[in-house]
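Structure first, commentary second.
Each value in this text was obtained by applying a stated rule to the coordinates, not by laboratory testing. What you see is a predicted model; the values in this text were computed from it and never measured. Heads up, the Cβs are rebuilt from the backbone with ideal geometry, glycines too, and the neighbour counts pull from every protein chain shown.
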Amino acid sequence: MKLEAEAIAPSNIAIVKYWGKRDKELNLPLNSSLSVSLDSLWVRSKVTFDESLDRDEVLINGKRLDEREVNEYAGRVLRRFRELYGKSIFARIESTTNFPSSAGLASSAAGIAALTFASNSALGLGLSNRELSKIARIGSGSACRSMFGGFVKWNKGDLDSGEDSFCEEIFPPNHWPELVDIIAIFGEEKKKVSSRSGMENTTATSSLMKCRLEFVKETFEEVVNAIRTRNASKFFELTMRHSNSMHAVILDSWPPMNYLNEKSFRVMEWIAEFGKAGYTFDAGPNPHIFVLEKDMDEVMKFLKELGSVKILVNRVGKGPYLV
Ligand code: ADP
Ligand code: DP6
């Protein structure tokens, strides 16, 4: 017997970042986070639950993942689906990204979200996106936010079970149509330290982490309000401060680590001086620059002069859907 479905899910970029866990098995975070789902970066995943398989298999752009990688990300999601389905049936995941996988852009959030969405359909479980966000979270924390479109909040939750650690859309995709996210690709290297082990290092060793958690708590509603009122200058300022806050605790970790490079710092200086945009960096050197459509040409010109290998323009996108 074979049960099959295929879904597309968006990538997301965090404004309020997730960096640190209170539970590693369930990916329960130390703070709530907030992201934007992106319309031009997505992953398409076909899931086939097949009784003739003796283990889960994952192929990304035709390349097979080794067993350890499968077990730590997609496998966690598939195990949860087997529990819910009540039957031990393994799956093959064939996943394709609409961007080059060598471009240094994280695909795991969109990929895990797409396979979660498709699995629910393949097994006919009829779970809501909120329930699915809890399952995607177990595969990779940031993936739970890709279960919705628009502006998404991941509630950190307090329960040990993780039942209250789920996502919700706080503003729809068309809430702020003038807002654009420009991604500049500088390097194509794979990062030396994965987000997973990087945030573990920070949680274990950074003495500044306590201050960061207070900062997130104090400013979370300000971020939501800046989006609600479409207050661009406040939104840009808070976006940059939240990125800086995460990279500050990263630099405060031991053994030392750093995800930014010289060009990242040039962007940070230029954007701060420009005054009409806001940068944010995940665990890598490539900036996401939020700017209003009317001001985007100036940013593009700067990025080209700086020597970006590739520039991608995103708008706020929709959530996952079946294909
Ligand atoms: P990150 O997105 O966290 O920066 P990677 O892109 O290297 O890091 O992905 C981390 C892990 O997520 C990979 O080792 C793989 O197991 C899983 N993963 C990534 N992309 C996909 C995908 N499209 N489908 C399923 N699993 C994926
Ligand atoms: C810097 O979601 O990749 O992108 O839960 O261990 O799989 P795991 O980590 P992951 O970490 C993402 C970190 C980040 C910030 C963010 O997306 O909020």
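Build a GNM of the chain with springs between Cα atoms under 10 Å apart, and of Asp39, Asp295, Asp282 the one that fluctuates most is Asp295. Charge tally around Ala122: other residues with Cβ under 10 Å, Lys/Arg +1 each, Asp/Glu -1 each, net 0.
The trypsin sites (Lys or Arg not before Pro) of the stretch 134-209 meeting both criteria, a DSSP state outside H, G, I, E and B (loop) and at most 12 other C-beta atoms within 10 angstrom of the site's C-beta, are Lys190, Lys192.
How much length is gained on full extension from Arg196 to Lys210, taking 0.36 nm per residue of separation minus their Cα-Cα distance?
Extra length available between Arg196 and Lys210 comes to 3.1 nm.
Backbone geometry of the stretch 197-203 corresponds, through the Karplus equation with coefficients 6.51, -1.76 and 1.60 at θ = phi - 60°, to 3J(HN,Hα) couplings of 7, x, 6, 5, 4, 4, 4 Hz, x marking Gly and Pro.
Mind sorting Leu34, Leu3, Leu115 by how few other Cβ atoms lie within 10 Å of their own Cβ, fewest first? Could you put the intermediate results ahead of the total?
Details: Leu34 24, Leu3 17, Leu115 33.
Ordered from fewest to most neighbouring Cβ atoms within 10 Å, Leu34, Leu3, Leu115 come out as Leu3, Leu34, Leu115.
Could you work out how far the C-alpha centroid of the stretch 295-323 sits from that of the stretch 9-72, in angstrom? Cα centroid of the stretch 295-323 versus Cα centroid of the stretch 9-72: 23 Å apart. Distance between the modelled labels on Ser40 and Leu125, one decimal in nanometres: 3.4 nm (7 Å Cα→Cβ projection). In sequence order, the stretch 109-121 has phi-based couplings of 4, 5, x, 5, 5, 5, 6, 5, 4, 5, 5, 4, 6 Hz under the Karplus curve 6.51 cos²θ - 1.76 cosθ + 1.60, θ = phi - 60°, and Gly or Pro positions carry x.
Using the Cβ of Ile271 as centre and a radius below 12 Å, the other residues enclosed give a net charge of -3, where K and R count +1 and D and E count -1. Each of Cys167, Cys211 has some number of other Cβ atoms within 10 Å of its Cβ, and from fewest to most they run Cys211, Cys167.
Per the Kirkwood treatment, what hydrodynamic radius in Å, one decimal, follows for the stretch 2-176 from the mean inverse distance over all distinct Cα pairs? Walk me through the intermediate numbers first.
Numbers: mean 1/r = 0.0628 Å⁻¹.
Kirkwood hydrodynamic radius for the stretch 2-176: 15.9 Å.
Taking amide hydrogens as placed 1.01 Å from N in the peptide plane, the amide H of Val16 sits under 5 Å from those of Leu34, each at least 5 positions away in sequence or on another chain. Here's how it looks for Asn31: its modeled amide H is under 5 Å from those of Trp19, which are all 5 or more places away or on a different chain.
Computed extension gain for Glu4 through Val313, at 0.36 nm per residue and net of the alpha carbon distance, reaches 108.0 nm. Summarising the amide proton neighbourhood of Phe171: residues at separation of 5 or more, or on other chains, whose placed amide H is nearer than 5 Å comprise Phe151. Placing +1 on the Cβ of every Lys and Arg and -1 on the Cβ of every Asp and Glu, with no other charges, gives the stretch 2-176 a dipole of roughly 260 debye about its Cα centre. Here the Gaussian network model covers the chain, with springs between Cα atoms less than 10 Å apart; of Pro287, Pro255, Pro173, Pro255 fluctuates the most. Taking the three principal axes of the alpha carbon atoms in the stretch 179-314, the coordinate ranges are 43, 36, 23 Å, sorted in descending order. If only the Cβ of Lys and Arg carry +1 and only the Cβ of Asp and Glu carry -1, the dipole of the chain around its Cα centre is close to 120 debye. For the stretch 241-258, 3J(HN,Hα) computed residue by residue from phi via the Karplus equation (6.51, -1.76, 1.60; θ = phi - 60°) reads 5, 6, 5, 4, 4, 5, 6, 5, 6, 5, 5, 7, 7, 9, x, x, 8, 7 Hz, glycine and proline entered as x.
Calculation over all alpha carbon pairs of the chain in 20 angstrom steps from 0 returns a P(r) of 34, 59, 8, 0 percent.
When each of Tyr321, Tyr18, Tyr73 is scored by the number of other beta-carbon atoms lying within 10 Å, the sequence from fewest to most is Tyr321, Tyr73, Tyr18. The share of alpha-carbon pairs in the stretch 144-203 lying farther apart than 13 Å comes to 76%.
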